[in-house]
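S.K.: Following this message is one structure expressed as C-alpha cells.
Here, each number is a calculation from the coordinates, and none is a lab measurement. For clarity, every value in this text was computed on a predicted model and none was experimentally measured. In this analysis, Cβ positions are derived from the backbone assuming ideal geometry, glycine residues included, and neighbour counts consider all displayed protein chains.
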C-alpha cells in the first residue's frame with residue numbers, strides 16, 4: 001500500500017516497529033488517520049512515543065508476535081467476523097488440501113513432511129489435492145517427490161478443488177480453525193504476557209474496522225523480520241488481512257517500513273545472493289540450470305504472471321551482455337554466476353572465519369556494529385587479505401585492526417593482522433545524484449547539490465571505474481573464465497574532471513529499451529524473449545519511458561479533492577501502481593465494495609478497468625472471464641477476471657501456503673532460539689527448520705538456561721541511525737544521545753540494586769559489554785505462564801567511533817537464521833546483567 | 001607443504017563423504033580450513049612461478065572450495081553428489 005494511503009485506514013496496527021521515533025515522516029500519516037477518527041494500536045514490548053500516540057498499547061514479550069496474531073486469527077474465525085464475500089471469492093479459504101496433510105496441531109508443533117534427520121520439510125502433503133502449486137517467490141518450485149512441473153500443469157487443466165460449503169475437513173477454512181484453536185485469549189496472555197482484556201480490545205478494533213465500508217492496515221519494520229520465524233510473523237498478518245478483506249483496498253494492507261536508505265531498492269536491484277534484479281531467480285549449480293533453455297524450462301511456471309519469466313530473463317541478459325548476447329549462445333547465460341549454496345551474509349561471515357574469502361568490499365554498511373556476533377565478525381575480517389571500506393567517516397569496520405574489541409582484549413595484535421585495509425572516502429547523499437527506492441516501492445530521484453570534497457567519490461563512480469579497470473586488466477586474456485568480464489557492457493557516459501558516470505543512463509538501462517531503435521520502453525508488457533529488448537529490471541520499466549522523461553524526478557502531488565493516489569509523485573513499481581492487487585478493491589462483478597472504499601472498478605461501457613490508481617490487472621480482462629480449460633490455458637489466460645492475486649498460480653490470496661515456505665504452510669508459535677521459558681503451546685520448542693551454525697565463538701544456549709534469564713532486544717534511536725557512524729559523527733546528534741545505555745524496568749533494577757546511570761555488565765553466550773543503566777517504566781516485567789520474565793532493551797547504534805560512543809549491543813547476539821531468508825535474530829534473545837564494570841580495564845565503548 | 005594441506009583436506013572430505021552427516025557439523029569447517037590453506041599454498045606457488053599449470057591448479061582448488069562451502073551452508077539437502085565430484089577434482093590436485 002502507499003504510505004499516504006494510511007490516512008484512509010480506519011484502524012492502524014503498528015507492530016514490530018517504533019514508527020513514531022524511527023519512521024517519523026511516515027508516522028505523520030498515522031497521526032492523520034487518527035485525526036480522521038481511526039484507531040491506532042501499538043503492539044510492542046516497550047512503551048515508546050508510538051505507544052503514547054496510540055489509542056491502545058498492547059505490551060507483549062519480544063518474539064511472541066505469532067502467538068498474538070494467531071489469537072487474532074482465532075478470534076476472527078470463531079466469532080465469524082471475517083469478510084465472507086471477499087475471502088470466499090479472493091482467497092484459497094475453500095481450497096482442499098491433500099489427504100496426507102498433517103497439521104502442527106496433530107504432531108505437537110511439527111507439520112507433515114518434516115525430516116528430522118536434516119531439519120528440512122518436503123512439501124508433498126501441503127499441496128492442493130491432486131495438484132502441485134508453483135510458488136510466486138523467486139524459488140518457484142516446491143520440494144516434492146516426482147515431477148513437480150507435471151503437477152503444476154494441473155492448473156492449466158481445471159480449477160483447484162474447492163468446497164464452497166467449507167465443510168470438507170481438509171479445506172483451508174477447517175484446517176485453519178483446527179490450527180488456531182489453541183490460540184485462545186487465555187493462551188495469548190500466558191505466552192505473550194499481554195493482558196487478555198487488552199488483547200481483546202485490539203481484536204475488536206481490527207474487526208470493527210474491516211468489511212465493505214471500513215479497512216485496517218498493519219505497519220511493521222525489522223521488529224517482525226529479525227527473528228528465527230520472521231517470515232511467518234508477516235504471514236500471520238497476511239492471514240488476518242486476507243480474512244478481513246484488507247488487501248488491495250484503500251487504507252488496507254501491510255506496510256513494510258523501510259528503515260535504511262534505498263533498502264527496498266537494494267532488494268529490487270538486488271544485493272541478495274539468490275536473486276537477479278527484480279526478483280528473478282539466481283541460477284544455481286544444479287543440473288536443471290546448466291543452460292538458459294534448461295533454466296527457463298525449470299523456472300517458468302505454467303500459470304499466473306510469472307509465466308512471463310523468459311521475457312524478463314532474456315531482456316536482462318541483453319542489457320548485461322549487449323550485442324554479444326544472441327539466441328545462438330543462449331544470450332550469454334553461461335556467464336551468470338551459479339549459486340552452490342546459501343551465500344547470504346550470516347554463513348559467509350562464518351566462511352570468512354574459515355578463510356574462504358580473500359577480500360571484501362564494504363559499501364554503505366558497518367558490520368562490526370550492525371551485524372550479529374560482532375567479535376566473530378572481527379575474527380573474520382582479520383582473516384582477509386584485503387578489505388575495502390567506503391564511507392564518509394571512519395567506521396569500526398575499517399579500524400577493527402587498531403581499536404577492535406579483540407585487539408583491546410589482547411586476543412589479536414595489530415602487527416599480527418595481515419588484512420590490508422583500504423579506507424576510501426565516499427560522497428554523501430547530497431553530493432551525488434541518483435535514486436532511492438524506499439517504503440511503498442517508491443523510486444525517487446535526488447539531484448546533486450554540491451561536489452564532494454577532496455577525493456570523496458560517489459559509490460557509482462567507484463563501481464563504474466572499478467569495472468573499467470577490471471575490464472582493462474582482463475582485456476587481453478584468452479581464458480574462458482575471463483569472458484564474463486570482457487563481455488559485460490560497461491559503457492555509461494561520464495562527465496567532468498573526475499569522469500562521474502551518468503546515473504540517469506543507468507536508470508535508463510534499468511527501465512529498458514528496444515534493441516533496434518534504442519527507444520525507451522513504456523511498460524514491461526513490451527518486453528520480449530527473442531532478444532529484441534534489453535531491460536535491467538522488468539519491474540522498473542516505465543520509470544524512464546522517454547529519453548528525457550524521468551518519472552522518478554516528478555514531484556506533483558494531488559491537490560485537495562484530487563484522486564489521492566498521488567501518481568505524479570515519483571514512480572512506484574510496477575507500472576506506477578500505488579496499491580498492489582487493487583483489483584480486490586472491487587467485488588467479483590467489478591463493482592466497488594462500497595462508495596467509501598472504491599479504488600479500481602470495471603467500466604463495462606469502455607470495456608476496461610479504471611479508477612483512481614493504475615489497475616494491477618490486465619486492463620481489458622472482464623470480471624466475468626473464466627479460463628477455458630479445454631484449451632489448457634497458460635500464463636494470464638489461466639487467471640480469471642475475478643482473481644486479483646495475479647502473481648499466484650491460481651490468482652488467489654494464499655491463506656494457506658502450499659509452496660514457497662521452508663517452515664510450514666501456516667504460522668505456528670515457537671519460542672525464540674534462546675529464551676528463558678519453555679514453549680507452552682507445543683512440545684516443539686523452537687522453529688524446527690531454523691538455520692543453526694554452532695561452532696566455537698558462536699555458542700547457543702539451551703532454553704531456560706539460568707545463566708541467561710532475561711529477554712534481550714535491540715532497537716535504534718531517532719537521533720542515531722542504524723550502524724550509527726553517519727550520525728555519531730554529527731555533534732548535534734551526538735549531544736542528544738551521547739552514550740550507550742540499556743533500558744531496565746524499575747523492578748529488575750531494584751532486584752540487582754541498580755540505580756539510574758549505574759554501570760551494568762550485560763552478558764550472553766557470545767560475549768560481554770558494559771553500558772550505563774537507564775531505569776525506566778518504559779520497560780516492564782511480563783508474567784509468562786505464571787512466571788515473571790524480565791526484559792531489557794538496548795540501542796544497537798553505538799561503537800567506538802564518532803562523538804557518541806558506547807559498547808556494541810550486537811556483541812551479545814548469535815549467528816542463526818530464519819529458514820526462509822537466513823535473516824539474523826536481533827529482536828528476541830537472552831542475556832544476563834549485573835551491576836558493575838567489565839573485569840578488564842578500559843572498556844572500549846565509553847570514551848575513556 | 002601444499003600437498004600436506006591438500007592431503008589433509010582430502011582425508012577430511014573423505015570422512016564427510018563416508019559419514020554423510022544429515023545435519024551440518026563443524027567437520028565441514030575443518031575441511032574448509034584445510035582446503036583454504038591448500039589454496040593459499042597454490043597461490044604462493046603461482047606467484048612464484050606464474051605457470052599455466054599453477055594457475056589451473058589454483059582455479060580448480062577454488063572450484064572445489066565453492067562446492068564444499070555450498071555443502072556446509074546448503075539451501076536444502078546437502079548436495080552429496082556434487083561433493084563427491086568435487087572430491088574427485090581435489091584428488092587430481094593432491
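S.K.: Where does region A:1-140 land on Rg(C-alpha)/(2.2 N^0.38 Å)? Spell out each step's value before the answer.
M.R.: Working: Rg = 19.5 Å, N = 140, 2.2 N^0.38 = 14.4 Å.
The reported ratio for this selection is 1.36.
S.K.: Right, next: For the pair residue A:549 and residue A:157, what calculated FRET efficiency results from E = 1/(1 + (r/R0)^6), where r is the Cβ-Cβ distance and R0 = 51 Å, to the nearest 0.05? Let's see the in-between values first.
M.R.: Details: r = 44 Å, r/R0 = 0.86.
The pair residue A:157/residue A:549 has a calculated efficiency of 0.70.
S.K.: For region A:339-455, what is the convex hull (Cα atoms) projected area averaged across all directions, in square nanometres?
M.R.: Numbers: hull surface 37.5 nm².
Mean shadow area of the hull around the Cα atoms is 9.4 nm².
S.K.: Which Rg and Dmax, in Å, describe the Cα atoms of region A:542-669?
M.R.: Expressed in Å, the Cα Rg and Dmax of region A:542-669 come to 17.3, 52.
S.K.: Taking the convex hull of the Cα atoms, report for region A:405-495 its projected area averaged over all directions, in nm². Walk me through the numbers before you get to the answer.
M.R.: Details: hull surface 44.8 nm².
So the mean shadow area of the Cα hull is 11.2 nm².
S.K.: Sticking with this structure for a sec: Give me the distance between the Cα centres of region A:613-679 and region A:203-249, rounded to whole Å.
M.R.: Computed from Cα coordinates, the inter-centre distance equals 16 Å.
S.K.: Next up: For region A:266-421, what log10 I(q)/I(0) values come out of the Debye formula at q = 0.13, 0.18, 0.19, 0.20 1/Å, with one point per alpha carbon and no solvent?
M.R.: At q = 0.13, 0.18, 0.19, 0.20 Å⁻¹ the computed log10 ratios are -0.74, -1.03, -1.09, -1.16.
S.K.: Roughly what % of DSSP beta bridges within chain A run antiparallel, to the nearest 5? Intermediate results must be reported in sequence, preceding the final value.
M.R.: Working: 44 of 86 bridges.
Within chain A, antiparallel bridges account for around 50 percent of the total.
S.K.: Rg and Dmax of region A:176-246, using alpha carbons, in Å: what are they?
M.R.: 13.2, 37
S.K.: When averaged across all projection directions, what area in nm² does the alpha-carbon convex hull of region A:467-557 cover? Spell out each step's value before the answer.
M.R.: Numbers: hull surface 33.7 nm².
Seen from a random direction, the Cα hull of region A:467-557 projects 8.4 nm² on average.
S.K.: What's the angle, to the nearest 10 degrees (0 to 90), between helix B:80-93's Cα axis and the longest principal axis of chain B?
M.R.: Tilt relative to chain B: about 20 degrees.
S.K.: Once both axes come from the Cα atoms, what is the angle between helix B:27-49 and the longest principal axis of chain B, in degrees from 0 to 90, rounded to 10?
M.R.: 10
S.K.: Another question, then. Please express the Cα-Cα pair-distance distribution P(r) of region A:200-306 as a list of whole percents, one per 5 Å bin, running from 0 to the bin with the greatest distance.
M.R.: It works out to 2, 10, 13, 14, 18, 14, 12, 9, 4, 2, 1, 0, in whole percents.
S.K.: Hey, another quick one. Kindly identify region A:136-283 as rounded, prolate or oblate by the Cα gyration tensor criterion: order the square roots of the eigenvalues as a ≥ b ≥ c, call it rounded if a/c is under 1.5, otherwise compare a/b with b/c, prolate if a/b is larger, else oblate.
M.R.: Numbers: a/c = 1.76, a/b = 1.16, b/c = 1.51.
Judged from the Cα gyration tensor, region A:136-283 comes out oblate (a/c at least 1.5, b/c at or above a/b).
S.K.: Please work out the C-alpha center-to-center distance from region A:590-608 to region A:685-699 and express it in whole Å.
M.R.: Taking the Cα centre of region A:685-699 as reference, the centre of region A:590-608 is 51 Å away.
S.K.: Cα extents of chain A along the three principal axes, largest first, in whole Å?
M.R.: 78, 71, 59
S.K.: To the nearest Å, what is the center-to-center distance of region A:542-576 and region A:2-77, using C-alpha atoms only?
M.R.: About 28 Å separates the Cα centre of region A:542-576 from the one of region A:2-77.
S.K.: Once all Cα-Cα distances of region A:673-807 are split into 5 Å bins that start at 0, what whole-number percent is in each one?
M.R.: 2, 9, 16, 18, 18, 15, 12, 7, 2, 1, 0
S.K.: Take the alpha carbon gyration tensor of region A:602-681, find the square roots of its eigenvalues, order them as a ≥ b ≥ c, and report rounded if a/c is under 1.5; if not, report prolate when a/b exceeds b/c, else oblate. All intermediate terms of the calculation are to be shown ahead of the outcome.
M.R.: Values: a/c = 4.56, a/b = 2.36, b/c = 1.93.
Since a/c reaches 1.5 and a/b is larger than b/c, the shape of region A:602-681 is classed as prolate.
S.K.: Using a Förster radius of 60 Å, what is the FRET efficiency between residue A:707 and residue A:516 based on their Cβ-Cβ separation? Nearest 0.05, please. List each step's numbers first, then the result.
M.R.: Working: r = 69 Å, r/R0 = 1.15.
It comes out at approximately 0.30.
S.K.: Okay, next question. Hey, could you get me the Stokes-Einstein D for region B:2-93, Kirkwood radius over alpha-carbon pairs, 37 °C and 0.692 mPa s, rounded to whole µm² s⁻¹? Provide the component values of the computation, followed by the final result.
M.R.: On the way: Rh = 13.1 Å.
Rounded, D is 250 µm²/s.
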